[in-house]
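Chemist: Here it is, the structure, as structure tokens.
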Amino acid sequence: MYSYIIMNDTIVSPSILSADFANFSASIAEIDASGAKWIHMDVMDGCFVPNLTFGAPLVRALRKKTKTFFDVHLMIANPSKYIHEFAEAGADAITFHYEAETHAHKYLTEIRDLGKKPGISIVPSTPCGVLEDILPYIDIALVMTVNPGFGGQVLIPECLEKVKKLKQMRDKANLNFRISVDGGINEKTVELAKSSGADTLVMGAAFFGSPDKRALIERVQGTIPL
Ligand code: DX5
Ligand code: ZN
């Protein structure tokens with residue numbers, strides 16, 4: 001019911017890291033009213049990244065508020081321990097970090113077997129070549145374009161080279177995963193990200209800071225040219 005992996009379109013995934021933590025229901029309603037296709041949820045453990053956010057109970061609670069695709073980004077150590085919990089809570093995609101899991105192939109397969117979309121993410125210091133052998137097992141490659149942990153940072157432009165390379169790797173292998181960029185995406189950087197090959201754009205501060213979210217989403221998802 002919540003599946004939403006269609007290629008050749010642009011998806012904006014507003015990150016609730018920049019939402020009002022005292023009123024997530026209202027923030028979810030704002031995202032839905034904007035026309036954004038996904039909702040990005042950054043799970044942070046204070047260990048893999050230097051910040052703490054929330055866990056599966058929030059995903060479960062928000063699942064009752066919307067049918068929109070939940071794009072869950074696990075920025076945690078030992079992500080394999082939590083895959084079942086997030087799947088049961090209502091995640092649609094579960095993305096974990098390459099740097100946090102030795103047995104990525106095993107757990108990407110497990111996520112797919114649970115009926116969810118598997119994703120793998122890399123931080124700015126990880127080269128994209130390490131993903132080559134697991135690309136057939138993913139639906140999302142999430143390229144961090146800032147060092148993870150906090151919203152509102154400035155995009156590191158060198159990370160977009162990895163987006164270009166991943167697109168080439170995808171074309172060469174004739175695969176079908178989405179390429180997502182996460183960190184510092186706003187109306188100034190979005191065209192660069194899209195022209196590099198990103199088709200999925202996580203947006204935290206820029207989305208929640210926008211006075212007209214619907215117009216922003218229309219421009220970025222592509223119905224009105226920037
Ligand atoms: C950063 C998180 C991002 C964050 C992006 O560590 O993974 O998802 O919400 O925030 P902005 O768009 O504000 O850079
Ligand atoms: Zn994220």
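Chemist: Please find the FRET efficiency linking Asp113 to Arg219, where r is the Cβ-Cβ separation and R0 is fixed at 25 Å, and quote it to the nearest 0.05.
Modeler: 0.10
Chemist: Hey, another quick one. Going by a ≥ b ≥ c, the root eigenvalues of the Cα gyration tensor, does segment 1-91 fall in the rounded group (a/c under 1.5), the prolate group (a/b larger than b/c) or the oblate group?
Modeler: Cα axes put segment 1-91 in the prolate bin.
Chemist: Around Ile111, under 14 Å between beta carbons, what's the net of Lys plus Arg minus Asp minus Glu among the other residues? Show your work: numbers first, answer last.
Modeler: Values: positive: Lys81, Lys106, Arg112, Lys116, Lys117; negative: Asp71, Glu85, Glu88, Asp92, Glu101, Glu110, Asp113, Asp139.
Residues close to Ile111 contribute a combined charge of -3.
Chemist: In terms of the Cα gyration tensor, with a ≥ b ≥ c the square roots of its eigenvalues, is segment 43-104 rounded because a/c is under 1.5, prolate because a/b exceeds b/c, or oblate?
Modeler: Note, shape of segment 43-104 comes out prolate.
Chemist: Right, something else. Segment 177-223 to segment 151-165: how many Å between their Cα centroids?
Modeler: Spelled out, the Cα-based centre of one part sits 13 Å from the other.
Chemist: What ranking, highest mean first, results for peptides 32-43, 206-217 when packing means the other Cβ atoms within 10 Å averaged over each residue?
Modeler: So the order, starting with the most tightly packed, is 32-43, 206-217.
Chemist: According to a simple spin-label model (label point 7 Å from Cα along Cα-to-Cβ), what is the distance in nm between Ile134 and Asn78?
Modeler: Each label point lies 7 Å from its Cα, and together they span 1.8 nm.
Chemist: Right, something else. What FRET efficiency comes out for the pair Asn174/Glu88, r = Cβ-Cβ distance, R0 = 30 Å, nearest 0.05?
Modeler: On the way: r = 33 Å, r/R0 = 1.12.
Computed FRET efficiency for Asn174 and Glu88: 0.35.
Chemist: To continue, here is another question. Label the chain by shape, choosing from rounded, prolate and oblate, from the square roots a ≥ b ≥ c of the eigenvalues of the Cα gyration tensor; if a/c is under 1.5 it is rounded, and otherwise prolate applies when a/b is larger than b/c, oblate when it is not.
Modeler: rounded
Chemist: Leaving out ligands and nucleic acids, note down the accessible area per residue over the chain with a 1.4 angstrom probe, in whole Å².
Modeler: The answer is 43 Å² per residue.
Chemist: Further question on the same structure: For the chain, what % of the accessible area comes from carbon and sulfur atoms, probe 1.4 Å?
Modeler: C and S atoms contribute 52 percent here.
The values are calculated or read from the model by the stated rules, or taken from the named source; none is laboratory data. From a predicted model like this one, the values you see are computed outputs, not experimental measurements. For neighbour counting, all protein chains shown are included, and Cβ atoms are generated from backbone atoms with ideal geometry for every residue, glycine included. For accessibility, only protein heavy atoms count, side chains too; no ligands or nucleic acids. Shrake-Rupley method; radii C 1.70, N 1.55, O 1.52, S 1.80 Å.
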